[in-house]
Amino acid sequence: VQLQASGGGLVQAGGSLSVSCAASGRTTSSYTMGWFRQAPGKELDFVGAINVDDSTYYTDSVKGRFTISRDNAKNTVYLQMNSLKSEDTAVYYCAAGRPTSWVKFRPSEYESWGQGTQVTVSS
């Protein structure tokens, strides 16, 4: 599956932004879809994921602020980010992995990756 992330940009702290991940080749409903982010000089970090049963998981730092959803008709997964903080500034990546019964936190568990989209939160 090929992934294309879009929707990043510049937003003030406390604001909202939505990033999208459009898939081609196979439907996103067949995969666990994950979101990761990488801040300058830091490692790639897990943000959240949505499983094929639409269950979602989030890292603690974004719980209650970020929401992952999917639109199967558009073959697109979304990351809605609210109450953004300066520490959310990063390049955001979407990824697709084979569905499993456990939550896939590690980048190595995902087979396909989008190109990344920059999210910058100004304080």
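The values are calculated or read from the model by the stated rules, or taken from the named source; none is laboratory data. For clarity, every value in this text was computed on a predicted model and none was experimentally measured. Cβ coordinates were reconstructed from backbone atoms using ideal geometry, including for glycine residues, and neighbour counts include every protein chain displayed. Keep in mind that these areas ignore ligands, DNA and RNA; they rest on the heavy atoms of the full protein, side chains included. Shrake-Rupley method; radii C 1.70, N 1.55, O 1.52, S 1.80 Å.
Tabulated data for the structure shown
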item	result
Residue count, the stretch 1-56 (criterion: basic (Lys, Arg), surrounded by 16 or more Cβ atoms within 10 Å (Cβ to Cβ) and at pLDDT below 95)	0
Within the stretch 57-69, considering residues that are in a strand (DSSP E or B) and of a type in the set (Val, Ile, Thr), the one least open to solvent (accessible area, probe 1.4 Å)	Ile68
Members of the stretch 31-56 that are touching a Lys or Arg at 6+ places or on another chain (Cβ under 9 Å) and either assigned to a loop (DSSP other than H, G, I, E, B) or within 18 Å of Thr100 (Cα to Cα) (or both)	Tyr31, Thr32, Met33, Gly34, Phe46, Val47, Gly48, Ala49, Ile50, Asn51, Asp54
Of all residues making up the stretch 94-123, the number that are loosely packed, with under 15 Cβ neighbours inside 10 Å and acidic (Asp, Glu)	1
Test for Asn72: is it under 16 Å from Gln2 (Cα atoms), in contact with a Ser or Thr (Cβ under 8 Å, 6 or more places away or on another chain) and surrounded by fewer than 21 Cβ atoms within 10 Å (Cβ to Cβ)	yes
